[in-house]
1. Does GLN164 count as more than 25 Å from GLN223 (Cβ to Cβ) and modelled with pLDDT of 80 or more?
2. Kindly indicate the residue of segment 50-88 that is among the polar types (S, T, N, Q) and under 31 Å from the mean Cα position of the chain (by Cα) and also modelled with the highest pLDDT among those meeting that condition.
3. Could you count how many residues in segment 4-24 are open to solvent by 40 Å² or more (accessible area, probe 1.4 Å) and hydrophobic (A, V, I, L, M, F, W, C)?
4. Going through segment 29-58 one residue at a time, which ones are outside any loop (DSSP other than H, G, I, E, B) and open to solvent by 40 Å² or more (accessible area, probe 1.4 Å)?
5. I need the full set of residues from segment 212-237 which are of a type in the set (A, V, I, L, M, F, W, C), assigned to a helix (DSSP H, G or I) and either open to solvent by 40 Å² or more (accessible area, probe 1.4 Å) or closer than 30 Å to MET295 by Cα (or both), in order please.
6. So VAL288 clears everything in (1) touching a Phe, Trp or Tyr at 6+ places or on another chain (Cβ under 9 Å); (2) under 29 Å from ASN232 (Cβ atoms); (3) open to solvent by less than 80 Å² (accessible area, probe 1.4 Å); (4) without any contact (Cβ under 8 Å) to a residue 60 or more places away in the chain except one condition, right? Which one?
7. Just one of (1) aliphatic (A, V, I, L, M); (2) touching a residue at least 60 places away in the same chain (Cβ under 8 Å); (3) in a helix (DSSP H, G or I) trips up VAL204, so point out which.
8. Residues of segment 238-257 being at pLDDT 85 or above, outside any helix (DSSP H, G or I) and touching a Phe, Trp or Tyr at 6+ places or on another chain (Cβ under 8 Å), which ones?
Amino acid sequence: MRADRLLSILMLLQVHTRLTTRELAERLEVSERTIHRDMDALSSAGVPVVAERGKGGGWGLLEQYQTTLTGLNLAEIQALFVPKSPHLLADLGWGQAFEAALLKLLAALPAANRQQAEIVSQRIHVDPTGWQHWDEEMSAFPVLQAAIWQERQVLLSYERGNGQRIERLVNPLGLVAKGSVWYLVAAVDEDVRSYRISRVQNAVLLDSHCIRPVGFNLANYWQRSMMEFKANLPYYGVTVRVAPEAMPWLRYAGYFARIEQMIDALDADRWVHISLRFDIEKAACAYVLGFGGQMEVIEPLELRDRVLQAAKEAISLYTKGMA
């Protein structure tokens, strides 16, 4: 609704001070022409919106103008009160602050909407952790969080996935939680990189000021980074046929297996043909062997040979000395 959008524009301008027409249009998912019409409507209603041209310009409000948090609809209220991850809030040291903020917001709501907000936590629960969860080493987190808020450089001692240890002078740009795993996003020279915080061996907060790339957006960087990471993953494709009784176990049998396609055509014995993706042949071989006689490799043929050889070695190991 237009009234909701006008209120959103006011809130955005109060938070960000100045935004361009394009930025407003992207955030509110409307055209730039619509934003211009909305600004005319706000001005006609007496709201002191001002536009400045040139570099660094955009739409803003006169400094003395403020509006209160009003006009929230039911869906917005419910979204605000959906429970957030207590684990991540605790990592940030915001657990008590979050609860206090919700209480203040709840008290400010009209009585008609207060009950709806209170029952959200009894209808929806968010658990961001997977079934397989390992506690992460977080000793460096307080230093890195302080560096983010104080905009100071950090000297990192970091252990890569291959065990190699390196030292880096980094400019911390932000913290990202992927599930329950935290990453530091930091600029090194002119490059932006991600560091898994559990692999940070030591972090020293320096007095030097953090150098932040112009126009850097943390959410946009992370999205691009994840897309590039997935695109560059090694690929080893496998086609198998699976017994019906083994189908429920497919998604739980291997961490490194990803199902790409299930082919509807069934064998005469009702076995299902499935396309799987692995990073390497060794992982595919171990996965297939785990199903014993309930999974058969169709292609590639070299994997069939690898599975057969591994099965013979297993049989030899278990029958050795039995005769």
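1. yes
2. Filtering segment 50-88 for residues that are among the polar types (S, T, N, Q) and under 31 Å from the mean Cα position of the chain (by Cα), the one modelled with the highest pLDDT comes out as SER85.
3. The total comes to 2.
4. Restricting attention to segment 29-58, the residues satisfying the condition of being outside any loop (DSSP other than H, G, I, E, B) are 32-44, 49-52, 58.
Across segment 29-58, the qualifying residues are GLU32, ARG33, HIS36, ARG37, ASP40, SER43, SER44, VAL50, ALA51, GLU52.
5. Within segment 212-237, the subset of a type in the set (A, V, I, L, M, F, W, C) is 214, 216, 218-219, 222, 226-227, 229, 231, 233.
When the remaining residues are screened for being assigned to a helix (DSSP H, G or I), the result is 218-219, 222, 226-227, 229, 231.
LEU218, ALA219, MET226, MET227, PHE229, ALA231, listed by residue number.
6. (1)
7. Tallying (1) aliphatic (A, V, I, L, M); (2) touching a residue at least 60 places away in the same chain (Cβ under 8 Å); (3) in a helix (DSSP H, G or I), VAL204 fails exactly one: (3).
8. If the condition is that a residue be at pLDDT 85 or above, outside any helix (DSSP H, G or I) and touching a Phe, Trp or Tyr at 6+ places or on another chain (Cβ under 8 Å), then VAL238, ARG241, VAL242, ALA243 are the ones that fit.
The values are calculated or read from the model by the stated rules, or taken from the named source; none is laboratory data. Since we're looking at a predicted model, the values are computed, not measured. So basically every Cβ, Gly included, is an ideal-geometry build from the backbone, and we count neighbours across all protein chains shown. We work out accessible area using only protein heavy atoms, side chains counted, and drop any ligands, DNA or RNA first. Shrake-Rupley method; radii C 1.70, N 1.55, O 1.52, S 1.80 Å.
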